[in-house]
Amino acid sequence: MDIPGAISAITAALGLARELRQIDVNLEKAELKLKLADITEALAEAKVALTEASLRISELERAAAAKSTDSQHIARLSKQGELYYDGPVAISNAKCPHCVEVKRLVVGLHVEPFDQTILACSNCKNSYSNPFFEMPSSYQSPDYDPF
Ligand SMILES: [Zn+2]
């Protein structure tokens, strides 16, 4: 029996138990009424538990569907150097290799605001050297010697 079916069955059992409680019984049958109250309470708790389980399963199914979408997306990526690209090799298409290879997620990279030689991933926090960074034309390396 699937979980929605179990919830329906428990709901029906709860209805029956409520009907039994409303039957007019004499004083010697008071214990029976208490037992029925216990049954009702137990069934209500089971219903809550199954409802929560059902919601959790729906969440997991949605997550699995999203992951499958990412797998299809990963198959379309190309790798150049250490980074993946979704489309032409451009900074806007750069994807995090750790997230693609380990987490099976397609996550874009952004230029570190305080160090433009670095591309960083906001998901796994890994950083990579920025293959698109170009030195300013006025920059000369310390060992630059024109003669
Ligand atoms: Zn990442």
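A few points about this structure:
- Among strands (runs of 3 or more DSSP E) entirely within region 48-132, having at least 3 residues that are away from the ligand (no atom under 16 Å from the Cβ) singles out 115-121.
- Scanning region 97-147 for residues that are at pLDDT 90 or above, more than 28 Å from the chain's Cα centre (by Cα) and charged (D, E, K, R) gives a single hit, ASP115.
- Residues in region 76-95 that are of a type outside the set (S, T, N, Q) and under 14 Å from PHE132 (Cα atoms): 11 in all.
The values are calculated or read from the model by the stated rules, or taken from the named source; none is laboratory data. What you see is a predicted model, and the numbers here were worked out from it, not measured in a lab. Here Cβ is always computed from backbone atoms with ideal geometry, including for glycine, and neighbour counts include all displayed protein chains.
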